[in-house]
1. Does residue 118 qualify as being out of contact with any strand residue (DSSP E or B) (no Cβ under 6 Å at 6 or more places or on another chain) and touching a residue at least 24 places away in the same chain (Cβ under 8 Å)?
2. Return only the number of the condition from (1) surrounded by fewer than 20 Cβ atoms within 10 Å (Cβ to Cβ); (2) closer than 19 Å to residue 144 by Cα that residue 105 does not satisfy.
3. Condition first: away from the ligand (no atom under 11 Å from the Cβ) and touching a residue at least 60 places away in the same chain (Cβ under 8 Å). Now tell me which residues in the stretch 27-40 satisfy that.
4. Residue check: is residue 51 assigned by TED's automatic domain parsing to the domain that holds residue 211, more than 13 Å from the ligand (Cβ to nearest atom), assigned to a strand (DSSP E or B) and touching a residue at least 24 places away in the same chain (Cβ under 8 Å)?
5. So residue 45 ticks every box in (1) closer than 21 Å to residue 209 by Cβ; (2) in contact (Cβ under 8 Å) with a residue 60 or more places away in the chain; (3) more than 11 Å from the ligand (Cβ to nearest atom); (4) not hydroxyl-bearing (Ser, Thr, Tyr) but one. Which box is left unticked?
6. Among the residues that make up the stretch 175-183, is at least one of them in the same structural domain as residue 148 (by TED's automatic domain parsing) and surrounded by 21 or more Cβ atoms within 10 Å (Cβ to Cβ)?
7. Name every residue in the stretch 268-291 that is polar (S, T, N, Q) and under 17 Å from residue 255 (Cβ atoms), in order of residue number.
8. With the stretch 210-286 as the region, which helices (runs of 4 or more DSSP H) entirely inside it contain at least 2 residues that are at negative phi and over 24 Å from the mean Cα position of the chain (by Cα)?
Amino acid sequence: MRKSRPRPISASRRDGLPPLREVAAAHGLLAKKSLGQNFLFDLNLTGRIARAAAPLTNATIVEIGPGPGGLTRALLAEGARKVVAVERDGRCLTALAEIANHYPGRLDVIEGDALETDFAGLIGSESPTRVCANLPYHIATPLLVRWLQTEPWPPWFDRLVLMFQREVAERIVAGPAERAAYGRLAVLSNWRCETRILFDIPAAAFTPPPKVRSSLVELVPRPAPLACDTQLLSEVTQAAFGQRRKMLRQSLKSLAGSDAVGLLARADIDPTLRAEEIGIERFVALARALNEERADHLGRKPNLMPNDRRRKLIRLR
Ligand code: SAM
(Lines give C-alpha, C1' and ligand atoms only; values in the text may rest on other atoms or scores of the structure.)
Protein backbone atom coordinates (compact mmCIF):
# COMPACT_ATOMS: atom_id res chain seq x y z
CA MET A 1 0.00 0.00 0.00
CA ARG A 2 1.30 3.50 -0.87
CA LYS A 3 2.09 5.57 2.19
CA SER A 4 0.69 9.06 2.02
CA ARG A 5 3.24 11.78 2.77
CA PRO A 6 2.56 13.85 5.91
CA ARG A 7 1.22 17.24 4.80
CA PRO A 8 3.30 20.22 5.96
CA ILE A 9 1.70 22.21 8.72
CA SER A 10 1.15 25.71 7.42
CA ALA A 11 2.39 28.59 9.55
CA SER A 12 -1.17 29.94 9.85
CA ARG A 13 -2.17 26.67 11.53
CA ARG A 14 0.97 26.78 13.61
CA ASP A 15 0.79 30.43 14.68
CA GLY A 16 -3.01 30.68 14.89
CA LEU A 17 -3.11 33.90 12.83
CA PRO A 18 -5.47 34.16 9.83
CA PRO A 19 -4.31 33.10 6.33
CA LEU A 20 -2.36 35.84 4.56
CA ARG A 21 -4.81 36.34 1.70
CA GLU A 22 -7.51 37.08 4.28
CA VAL A 23 -5.17 39.50 6.08
CA ALA A 24 -4.34 41.34 2.84
CA ALA A 25 -8.04 41.54 1.87
CA ALA A 26 -9.12 42.67 5.34
CA HIS A 27 -6.57 45.54 5.28
CA GLY A 28 -7.13 46.49 1.64
CA LEU A 29 -3.54 45.60 0.70
CA LEU A 30 -3.75 45.58 -3.06
CA ALA A 31 -0.20 45.35 -4.41
CA LYS A 32 1.34 48.63 -5.61
CA LYS A 33 3.80 48.31 -8.48
CA SER A 34 5.55 51.55 -7.51
CA LEU A 35 6.57 49.93 -4.21
CA GLY A 36 7.80 46.71 -5.82
CA GLN A 37 5.01 44.76 -4.11
CA ASN A 38 4.94 41.09 -5.09
CA PHE A 39 3.59 39.33 -2.03
CA LEU A 40 4.17 35.76 -0.89
CA PHE A 41 0.99 34.30 0.57
CA ASP A 42 2.19 30.69 0.89
CA LEU A 43 3.38 30.31 4.46
CA ASN A 44 5.11 27.00 3.68
CA LEU A 45 7.26 28.86 1.16
CA THR A 46 8.01 31.75 3.53
CA GLY A 47 8.88 29.08 6.12
CA ARG A 48 11.43 27.64 3.70
CA ILE A 49 12.96 31.10 3.16
CA ALA A 50 13.07 31.72 6.93
CA ARG A 51 14.80 28.37 7.50
CA ALA A 52 17.48 29.38 4.98
CA ALA A 53 18.47 32.06 7.51
CA ALA A 54 18.74 29.51 10.38
CA PRO A 55 19.79 29.19 13.15
CA LEU A 56 17.28 31.82 14.24
CA THR A 57 16.84 31.18 17.95
CA ASN A 58 19.38 33.73 19.23
CA ALA A 59 19.30 35.98 16.20
CA THR A 60 17.91 39.43 15.49
CA ILE A 61 16.60 39.46 11.95
CA VAL A 62 16.32 42.62 9.92
CA GLU A 63 13.55 42.36 7.33
CA ILE A 64 13.04 44.92 4.58
CA GLY A 65 9.49 45.34 3.36
CA PRO A 66 7.43 42.95 5.51
CA GLY A 67 4.23 43.90 3.61
CA PRO A 68 1.31 41.89 5.04
CA GLY A 69 3.83 39.86 7.04
CA GLY A 70 4.21 36.45 5.35
CA LEU A 71 7.97 36.20 5.86
CA THR A 72 7.78 38.04 9.19
CA ARG A 73 5.39 35.42 10.56
CA ALA A 74 7.57 32.59 9.27
CA LEU A 75 10.71 34.09 10.87
CA LEU A 76 8.91 34.41 14.21
CA ALA A 77 7.28 30.97 13.98
CA GLU A 78 10.69 29.46 13.18
CA GLY A 79 11.99 30.96 16.43
CA ALA A 80 13.76 34.26 15.60
CA ARG A 81 14.55 35.98 18.89
CA LYS A 82 13.54 39.31 17.38
CA VAL A 83 12.53 40.70 13.97
CA VAL A 84 13.17 44.36 13.14
CA ALA A 85 11.16 45.18 10.03
CA VAL A 86 11.38 48.36 7.93
CA GLU A 87 8.30 49.03 5.77
CA ARG A 88 7.61 52.05 3.59
CA ASP A 89 3.92 51.38 2.98
CA GLY A 90 1.88 52.75 5.89
CA ARG A 91 -1.12 50.61 4.77
CA CYS A 92 0.69 47.50 6.11
CA LEU A 93 1.16 48.76 9.66
CA THR A 94 -2.13 47.52 11.16
CA ALA A 95 -1.60 44.01 9.83
CA LEU A 96 1.94 44.07 11.20
CA ALA A 97 0.71 45.35 14.59
CA GLU A 98 -1.50 42.24 14.84
CA ILE A 99 1.59 40.07 14.37
CA ALA A 100 3.48 42.12 16.96
CA ASN A 101 0.63 41.56 19.46
CA HIS A 102 0.75 37.85 18.77
CA TYR A 103 4.50 37.73 19.49
CA PRO A 104 4.92 40.24 22.36
CA GLY A 105 8.32 41.94 22.44
CA ARG A 106 9.62 40.09 19.39
CA LEU A 107 8.62 42.33 16.47
CA ASP A 108 9.63 45.97 15.98
CA VAL A 109 8.17 47.65 12.91
CA ILE A 110 9.71 50.85 11.61
CA GLU A 111 7.79 52.85 9.04
CA GLY A 112 10.40 54.26 6.69
CA ASP A 113 12.57 53.97 3.63
CA ALA A 114 15.17 51.20 3.88
CA LEU A 115 17.51 53.23 1.65
CA GLU A 116 17.53 55.98 4.30
CA THR A 117 17.79 53.71 7.33
CA ASP A 118 20.91 53.60 9.50
CA PHE A 119 20.84 49.87 10.21
CA ALA A 120 24.00 49.75 12.34
CA GLY A 121 22.52 52.48 14.57
CA LEU A 122 19.15 50.74 14.69
CA ILE A 123 20.57 47.40 15.75
CA GLY A 124 23.14 48.71 18.21
CA SER A 125 25.12 45.94 19.83
CA GLU A 126 22.55 43.15 19.34
CA SER A 127 24.17 40.09 17.82
CA PRO A 128 24.08 37.92 15.87
CA THR A 129 22.16 40.07 13.40
CA ARG A 130 21.13 38.81 9.99
CA VAL A 131 19.12 40.26 7.10
CA CYS A 132 16.39 38.11 5.57
CA ALA A 133 14.08 39.70 3.03
CA ASN A 134 11.95 39.35 -0.05
CA LEU A 135 13.29 42.65 -1.38
CA PRO A 136 11.36 45.22 -3.40
CA TYR A 137 13.18 44.73 -6.71
CA HIS A 138 13.42 48.39 -7.65
CA ILE A 139 15.77 49.08 -4.70
CA ALA A 140 17.33 45.62 -4.27
CA THR A 141 20.69 46.36 -5.93
CA PRO A 142 21.26 49.81 -4.32
CA LEU A 143 20.44 48.31 -0.92
CA LEU A 144 22.87 45.43 -1.44
CA VAL A 145 25.62 47.80 -2.60
CA ARG A 146 25.11 49.95 0.50
CA TRP A 147 25.42 46.92 2.77
CA LEU A 148 28.52 45.70 0.91
CA GLN A 149 30.16 49.11 1.30
CA THR A 150 29.64 49.12 5.08
CA GLU A 151 32.55 50.49 7.07
CA PRO A 152 34.09 49.24 9.25
CA TRP A 153 34.19 45.66 7.99
CA PRO A 154 33.26 43.00 9.23
CA PRO A 155 29.78 44.58 9.19
CA TRP A 156 26.84 44.60 11.60
CA PHE A 157 25.26 41.54 9.89
CA ASP A 158 26.60 37.98 9.93
CA ARG A 159 24.68 36.98 6.78
CA LEU A 160 22.36 38.35 4.11
CA VAL A 161 19.60 36.03 2.84
CA LEU A 162 17.88 37.95 0.08
CA MET A 163 15.46 37.43 -2.77
CA PHE A 164 16.44 38.88 -6.15
CA GLN A 165 15.33 38.50 -9.72
CA ARG A 166 17.21 35.49 -11.11
CA GLU A 167 19.24 37.66 -13.49
CA VAL A 168 20.47 39.86 -10.61
CA ALA A 169 21.24 36.76 -8.51
CA GLU A 170 23.44 35.50 -11.35
CA ARG A 171 25.24 38.84 -11.52
CA ILE A 172 25.97 38.63 -7.77
CA VAL A 173 27.53 35.15 -7.76
CA ALA A 174 29.31 35.34 -11.14
CA GLY A 175 33.04 34.83 -11.67
CA PRO A 176 35.09 35.56 -14.82
CA ALA A 177 33.91 32.21 -16.24
CA GLU A 178 30.34 33.59 -16.46
CA ARG A 179 31.37 36.42 -18.77
CA ALA A 180 28.02 38.05 -19.45
CA ALA A 181 27.00 38.12 -15.78
CA TYR A 182 30.43 39.07 -14.38
CA GLY A 183 30.68 42.76 -13.62
CA ARG A 184 30.94 45.40 -10.90
CA LEU A 185 28.29 43.80 -8.68
CA ALA A 186 30.09 40.42 -8.71
CA VAL A 187 33.47 42.00 -7.91
CA LEU A 188 32.10 43.99 -4.97
CA SER A 189 29.97 41.08 -3.67
CA ASN A 190 32.65 38.42 -3.86
CA TRP A 191 35.45 40.67 -2.65
CA ARG A 192 33.66 41.09 0.66
CA CYS A 193 31.41 38.01 0.88
CA GLU A 194 31.11 34.38 -0.03
CA THR A 195 28.05 34.18 -2.23
CA ARG A 196 25.75 31.44 -3.50
CA ILE A 197 22.27 30.96 -4.91
CA LEU A 198 20.23 28.84 -2.49
CA PHE A 199 17.13 28.09 -4.57
CA ASP A 200 14.75 29.50 -7.17
CA ILE A 201 11.17 30.59 -6.67
CA PRO A 202 8.78 30.55 -9.63
CA ALA A 203 6.99 33.75 -10.60
CA ALA A 204 3.64 32.06 -9.92
CA ALA A 205 4.42 31.92 -6.19
CA PHE A 206 4.00 35.72 -5.93
CA THR A 207 0.88 37.89 -5.97
CA PRO A 208 0.89 39.50 -8.48
CA PRO A 209 3.42 37.30 -10.32
CA PRO A 210 6.46 39.24 -11.58
CA LYS A 211 7.62 38.71 -15.18
CA VAL A 212 10.68 36.73 -14.14
CA ARG A 213 11.76 33.93 -11.85
CA SER A 214 13.38 34.82 -8.52
CA SER A 215 16.28 33.35 -6.55
CA LEU A 216 17.22 33.38 -2.89
CA VAL A 217 20.86 34.41 -2.47
CA GLU A 218 23.10 34.00 0.55
CA LEU A 219 26.03 36.38 1.20
CA VAL A 220 28.33 35.59 4.12
CA PRO A 221 30.81 38.37 5.02
CA ARG A 222 34.47 37.40 4.70
CA PRO A 223 36.15 38.23 8.03
CA ALA A 224 39.25 39.68 6.32
CA PRO A 225 38.74 40.52 2.64
CA LEU A 226 41.84 41.60 0.69
CA ALA A 227 42.82 45.08 1.88
CA CYS A 228 41.37 47.68 -0.45
CA ASP A 229 39.64 51.04 -0.44
CA THR A 230 35.98 50.61 -1.46
CA GLN A 231 35.89 53.92 -3.36
CA LEU A 232 38.99 53.13 -5.40
CA LEU A 233 37.72 49.63 -6.16
CA SER A 234 34.48 51.21 -7.35
CA GLU A 235 36.42 53.62 -9.60
CA VAL A 236 38.50 50.91 -11.27
CA THR A 237 35.56 48.55 -11.84
CA GLN A 238 33.46 51.40 -13.23
CA ALA A 239 36.18 52.31 -15.73
CA ALA A 240 37.00 48.70 -16.64
CA PHE A 241 33.43 47.37 -17.02
CA GLY A 242 32.16 50.65 -18.48
CA GLN A 243 33.91 49.57 -21.69
CA ARG A 244 34.03 45.85 -21.07
CA ARG A 245 34.72 44.86 -24.69
CA LYS A 246 37.89 47.00 -24.80
CA MET A 247 41.33 46.02 -23.57
CA LEU A 248 42.16 47.37 -20.12
CA ARG A 249 44.92 49.61 -21.51
CA GLN A 250 42.11 51.42 -23.36
CA SER A 251 39.21 51.26 -20.88
CA LEU A 252 41.32 52.47 -17.93
CA LYS A 253 42.25 55.65 -19.78
CA SER A 254 39.01 57.09 -18.44
CA LEU A 255 40.34 56.88 -14.85
CA ALA A 256 41.03 60.45 -13.84
CA GLY A 257 44.69 61.38 -13.94
CA SER A 258 46.13 57.93 -14.46
CA ASP A 259 48.55 56.40 -16.91
CA ALA A 260 46.64 53.25 -17.86
CA VAL A 261 49.62 51.21 -19.04
CA GLY A 262 51.75 52.25 -16.04
CA LEU A 263 48.88 51.42 -13.69
CA LEU A 264 48.46 47.96 -15.20
CA ALA A 265 52.21 47.34 -14.92
CA ARG A 266 52.12 48.34 -11.24
CA ALA A 267 49.25 45.87 -10.70
CA ASP A 268 51.06 43.18 -12.71
CA ILE A 269 48.21 42.84 -15.23
CA ASP A 270 48.58 42.12 -18.94
CA PRO A 271 47.30 45.35 -20.60
CA THR A 272 45.70 43.43 -23.47
CA LEU A 273 43.22 41.66 -21.15
CA ARG A 274 39.59 42.79 -20.82
CA ALA A 275 37.69 43.48 -17.57
CA GLU A 276 35.73 40.24 -17.83
CA GLU A 277 38.99 38.24 -17.98
CA ILE A 278 40.47 39.23 -14.63
CA GLY A 279 39.50 38.06 -11.14
CA ILE A 280 38.85 39.94 -7.91
CA GLU A 281 42.47 39.85 -6.67
CA ARG A 282 43.56 41.68 -9.83
CA PHE A 283 40.88 44.35 -9.37
CA VAL A 284 42.07 44.81 -5.79
CA ALA A 285 45.67 45.08 -7.09
CA LEU A 286 44.46 47.73 -9.56
CA ALA A 287 42.76 49.75 -6.81
CA ARG A 288 45.94 49.59 -4.74
CA ALA A 289 48.05 50.59 -7.73
CA LEU A 290 45.77 53.57 -8.34
CA ASN A 291 46.18 54.60 -4.70
CA GLU A 292 49.99 54.43 -5.05
CA GLU A 293 50.00 56.21 -8.39
CA ARG A 294 47.93 59.10 -7.07
CA ALA A 295 50.12 59.32 -3.98
CA ASP A 296 53.27 59.45 -6.18
CA HIS A 297 51.66 62.16 -8.23
CA LEU A 298 50.95 64.26 -5.14
CA GLY A 299 54.26 63.39 -3.48
CA ARG A 300 52.61 61.80 -0.44
CA LYS A 301 52.41 58.35 1.14
CA PRO A 302 49.65 56.07 -0.21
CA ASN A 303 46.45 56.10 1.88
CA LEU A 304 46.05 53.29 4.35
CA MET A 305 43.76 50.61 2.95
CA PRO A 306 41.00 49.34 5.28
CA ASN A 307 41.79 45.91 6.74
CA ASP A 308 45.45 46.40 5.91
CA ARG A 309 46.91 45.15 9.19
CA ARG A 310 50.48 45.02 7.93
CA ARG A 311 50.48 48.71 7.04
CA LYS A 312 48.68 49.64 10.24
CA LEU A 313 51.45 47.95 12.24
CA ILE A 314 54.13 49.83 10.33
CA ARG A 315 52.28 53.08 10.95
CA LEU A 316 51.85 52.39 14.66
CA ARG A 317 55.55 51.78 15.27
N1 SAM B 1 7.81 40.57 2.59
C2 SAM B 1 6.56 40.60 1.88
C3 SAM B 1 6.29 39.27 1.23
O4 SAM B 1 7.25 38.51 1.10
O5 SAM B 1 5.16 39.03 0.85
C6 SAM B 1 6.52 41.73 0.85
C7 SAM B 1 7.64 41.71 -0.15
S8 SAM B 1 7.41 42.86 -1.48
C9 SAM B 1 8.41 42.11 -2.69
C10 SAM B 1 8.42 44.26 -1.05
C11 SAM B 1 7.98 45.06 0.17
O12 SAM B 1 8.93 46.14 0.34
C13 SAM B 1 6.63 45.70 0.07
O14 SAM B 1 5.92 45.49 1.26
C15 SAM B 1 6.92 47.21 -0.10
O16 SAM B 1 5.92 48.06 0.42
C17 SAM B 1 8.21 47.35 0.65
N18 SAM B 1 9.05 48.48 0.22
C19 SAM B 1 9.14 49.04 -1.02
N20 SAM B 1 10.04 50.03 -1.03
C21 SAM B 1 10.54 50.10 0.23
C22 SAM B 1 11.52 50.94 0.85
N23 SAM B 1 12.16 51.89 0.16
N24 SAM B 1 11.80 50.72 2.16
C25 SAM B 1 11.15 49.76 2.87
N26 SAM B 1 10.22 48.95 2.33
C27 SAM B 1 9.92 49.11 1.03
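1. Values: out of contact with any strand residue (DSSP E or B) (no Cβ under 6 Å at 6 or more places or on another chain): yes; touching a residue at least 24 places away in the same chain (Cβ under 8 Å): no.
Here the answer is no, as residue 118 does not meet what is asked.
2. In the conditions (1) surrounded by fewer than 20 Cβ atoms within 10 Å (Cβ to Cβ); (2) closer than 19 Å to residue 144 by Cα, residue 105 misses (2) alone.
3. Quick first cut of the stretch 27-40, residues away from the ligand (no atom under 11 Å from the Cβ) only: 27-28, 30.
Those that are away from the ligand (no atom under 11 Å from the Cβ) and touching a residue at least 60 places away in the same chain (Cβ under 8 Å): 27, 28.
4. Values: assigned by TED's automatic domain parsing to the domain that holds residue 211: yes; more than 13 Å from the ligand (Cβ to nearest atom): yes; assigned to a strand (DSSP E or B): no; touching a residue at least 24 places away in the same chain (Cβ under 8 Å): yes.
When the stated conditions are applied, residue 51 does not pass them.
5. All conditions pass for residue 45, except number (3).
6. Quick first cut of the stretch 175-183, residues in the same structural domain as residue 148 (by TED's automatic domain parsing) only: 175-183.
Next cut, surrounded by 21 or more Cβ atoms within 10 Å (Cβ to Cβ) only: 182.
Yes - at least one qualifying residue is present in the stretch 175-183.
7. In the first step, residues of the stretch 268-291 are kept if they are polar (S, T, N, Q); the result is 272, 291.
Within the stretch 268-291, 291 is the sole residue that qualifies.
8. Working: elements: 230-242, 248-251, 260-266.
It comes to 248-251, 260-266.
The values are calculated or read from the model by the stated rules, or taken from the named source; none is laboratory data. Since the model is a prediction, treat every value here as computed from it, not as a measurement. Reconstructed Cβ throughout: ideal geometry from the backbone, glycine too, with neighbour counts over all protein chains shown.
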